[in-house]
Amino acid sequence: MAEPKKKLSKTRTNLRRAQYKATDLEVTTCTNCKKPALPHVVCPHCGFYNGKSVTQSAPTKRIVLDQESK
Ligand SMILES: [Zn+2]
């Protein structure tokens with residue numbers, strides 16, 4: 001495999017990496033609730049994705065202690 005002829009100095013490496021900058025997040029609007037949401041991510045406000053509700057409300061498990069004692 002091809003190898004670099006010389007070792008790149010820390011300065012050169014850091015100067016190159018200094019050009020890497022964070023970019024703003026691309027925010028879209030939810031098709032269901034019209035609130036801002038990240039693309040390709042389930043809406044944090046209403047739990048819809050691709051027009052469908054994908055978040056499950058946890059089934060309420062109620063342990064009735066009275067039935068066990070009877
Ligand atoms: Zn939404």
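The values are calculated or read from the model by the stated rules, or taken from the named source; none is laboratory data. Since we're looking at a predicted model, the values are computed, not measured. Virtual Cβ from ideal backbone geometry, glycine too; neighbours counted across all protein chains shown. When the accessible area is computed, the model is the full protein with side chains, heavy atoms only, and any ligands, DNA or RNA have been set aside. Shrake-Rupley method; radii C 1.70, N 1.55, O 1.52, S 1.80 Å.
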Determine which single condition Thr55 fails, assuming it passes every other condition in (1) open to solvent by 100 Å² or more (accessible area, probe 1.4 Å); (2) at pLDDT below 95. (1)
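Take the range 18-36 and flag every residue that is within 11 Å of the ligand (Cβ to nearest atom), open to solvent by less than 70 Å² (accessible area, probe 1.4 Å) and either modelled with pLDDT of 95 or more or not hydrophobic (A, V, I, L, M, F, W, C) (or both). Even if it seems obvious, please write down each step before you answer.
First, pick out the residues of the range 18-36 that are within 11 Å of the ligand (Cβ to nearest atom): 28-36.
Adding the requirement that they be open to solvent by less than 70 Å² (accessible area, probe 1.4 Å) leaves 28, 30, 33.
If the condition is that a residue be within 11 Å of the ligand (Cβ to nearest atom), open to solvent by less than 70 Å² (accessible area, probe 1.4 Å) and either modelled with pLDDT of 95 or more or not hydrophobic (A, V, I, L, M, F, W, C) (or both), then Thr28 is the only one that fits.
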